[in-house]
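Working notes, structure below.
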Amino acid sequence: MMRGVRVDGVPWRTIWLDGDAVAAIDQRRLPGELAVVRLRTAEEAAAAIRDMAVRGAPLIGVTAAFGLALALAREATPAALDRASALLRATRPTAVNLAWALDEVRDALANVSPSGWADAAMARARALADADVDTCRRIGEHGLDVLLDVVRRAGRGDRVRVLTHCNAGWLAAVDWGTALAPVYLAHERGLAVEVWVSETRPRNQGALTAWELGKAGVPHTVVADNAAGHLVQRGLADIVLVGADRVTATGDVANKIGTYLKALSARAHGVPFYVAAPASTIDFRLRDGAGVPIEERDAREVVELGGVPLFPPGTPVKNWAFDVTPAALVTGLVTERGVCAASAEGIARLFPERG
Ligand code: MRU
């Protein structure tokens, strides 16, 4: 049984402790170079999240947890705790895993005196990282059942063609990933799984997906974002499977900009559209997708490519990083507890204690 995703045969996690520092794969350097960034302070952790050295909802959360622990290792006072929490919380607004992970660390300090905060915070951050691996692996197993069901219905042997968007693979988590975890398990079990990788402008996270699938030997093909409607219309995808940054308590899904268009084309052509996400991505207090804060990023991501201008100087730009797919377009949510309908009832059935 596979123990995690490997790069050229070597097991990696996206984030780990390295002496007094936290080390993480620097995703700004991929796919060209597998480089590591070292984080020693909450400020460095915040910058890594903001600049997307680390990215993907689960990994953003774990990095923030480590960032808070790093802050407390320097100054274990209520003021430092509040300062670092506020700094980290403000880095990226859409992925709810960020606030969730910070709250987890703060909860771990509740019955500890400040002299023990640094150790308690680091212990909780490490536990969150370990738990994320387990959670994603479970999402993989439940998602594999979904893929097997799609294969059975398609009746074309053991072949399944998955369209995904952005990067919801192991790079977006600590290991395994969310939407790609079932793909890795299917590949390992000998299913002929093939992945359509959408480019994901403007940040091109599709390059990360292509990189990790390539390293794992999973057949894949990259398409421009605008090709997704065409390929779904042509019957070339058996399932659309994506991750999420925030799922409301009623099943609306915020994910990388462009996800909504894929959901619309899937619905138009009768292709199942599944969202894989852990409970830490569910905002149990939010009922309406319209309430999800949508991050807007620097215009340069759209009008420049590698520093080279693509548009006339001063062209007005709107750079939304995420969109919301209404629950009605989502065939099902794949969580660590199983698969449920994207509805208040479906989510409450799997997570009754959060009701
Ligand atoms: O802006 P990013 O790259 O952090 O956006 C990532 C996504 O939208 C992912 O699909 C989502 O975080 C799920 S990752 C398991």
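The values are calculated or read from the model by the stated rules, or taken from the named source; none is laboratory data. These numbers were taken from a predicted model, which means no experiment stands behind them. Methodologically, a virtual Cβ is constructed for each residue, glycine included, from the backbone with ideal geometry; neighbour enumeration extends over all protein chains shown. For accessibility, only protein heavy atoms count, side chains too; no ligands or nucleic acids. Shrake-Rupley method; radii C 1.70, N 1.55, O 1.52, S 1.80 Å.
When Lys and Arg each count +1 and Asp and Glu each count -1, what net charge do the other residues less than 13 Å away from Asn226, Cβ to Cβ, add up to? In short, 0.
Counted over region 154-291, the DSSP beta bridges are approximately 10% antiparallel. Listed by chain and number, the aspartates and glutamates whose alpha-carbon sits under 15 Å from that of Lys215, ignoring those within fewer than 8 places in the same chain, are Asp8, Glu33, Asp175, Glu188, Glu194. May I ask for the Kirkwood hydrodynamic radius of region 197-291, worked out over all distinct Cα pairs and given in angstroms to one decimal? When all Cα pairs of region 197-291 are included, the Kirkwood radius is 14.3 Å. When you count the other C-beta atoms within 10 angstrom of each residue and take the mean per peptide, 160-169, 195-204, 15-24 line up highest first as 160-169, 195-204, 15-24.
Looking at the chain, the pairs of alpha carbons with a distance over 25 Å make up 51% of the total.
Once the gyration tensor of the Cα atoms in region 83-204 is diagonalised, the equivalent ellipsoid follows with semi-axes of 37, 17, 10 Å, ordered largest first.
Rounded to the nearest 5, what % of the DSSP beta bridges within the chain are antiparallel ones? Bridges in the chain are about 50 percent antiparallel. Among Ala47, Ala80, Leu70, whose Cα sits farthest toward the positive end of the charge dipole of region 29-109 (+1 at Cβ of Lys/Arg, -1 at Cβ of Asp/Glu, about the Cα centre)? With unit charges placed on the Cβ atoms, the residue in question is Ala47. Split the accessible area of region 257-338 by element, probe 1.4 Å, and carbon with sulfur accounts for 59%. Were the residues from Glu188 through Ala35 laid out at 0.36 nm apart, the gain over their Cα-Cα distance would be 52.4 nm. Simple spin-label estimate for Ala86 and Asp8 gives 4.5 nm between the two label positions (7 Å along the Cα-to-Cβ direction from each Cα). Among the GluC sites (Glu not before Pro) within region 1-110, those in coil by DSSP and having at most 10 neighbouring Cβ atoms inside 10 Å are Glu33.
Multiplying each eigenvalue of the alpha-carbon gyration tensor of region 292-339 by 5 and taking the square root yields semi-axes of 35, 12, 9 Å, largest first, rounded to whole angstroms.
Extension gain for Phe311-Phe351 works out to 9.7 nm (0.36 nm per residue, less the C-alpha to C-alpha distance). In terms of packing, defined here as the mean over residues of other Cβ atoms within 10 angstrom, the peptides 319-329, 242-252 line up highest first as 242-252, 319-329. Using a 1.4 Å probe on the protein chains only, how many percent of the accessible area of region 84-132 belongs to carbon and sulfur? C and S fraction of accessible area: 53 percent. With all protein chains kept in place, the per residue accessible area of the chain amounts to 41 square angstrom at a probe of 1.4 angstrom. The antiparallel fraction among DSSP beta bridges confined to region 247-355 stands at about 70%. Taking Ala181, Ala99, Ala344 as the candidate residues, the one with maximal mean-square fluctuation in a Gaussian network model of the chain, Cα springs under 10 Å, is Ala344. When the alpha-carbon atoms of region 155-216 are used, the pair Rg, Dmax equals 11.6, 37 angstrom. When the P(r) of region 1-89 is calculated, the portion above 21 Å amounts to 33% of the C-alpha pairs.
The modelled label-to-label distance between Asn226 and Ala123, using points 7 Å beyond Cα along the C-beta direction, is 5.6 nm. Computed extension length for Asp158-His269: 37.8 nm, one decimal, from 0.36 nm per residue of separation with the Cα-Cα distance subtracted. Note on the chain: helix-only mean residue ellipticity at 222 nm, from DSSP H runs of 4+ residues weighted -39500 (n - 2.57) and normalised by residue number, equals -12000 deg cm²/dmol.
In plain terms, the C-alpha convex hull of region 82-148 casts an average shadow of 5.7 nm² when viewed from every direction.
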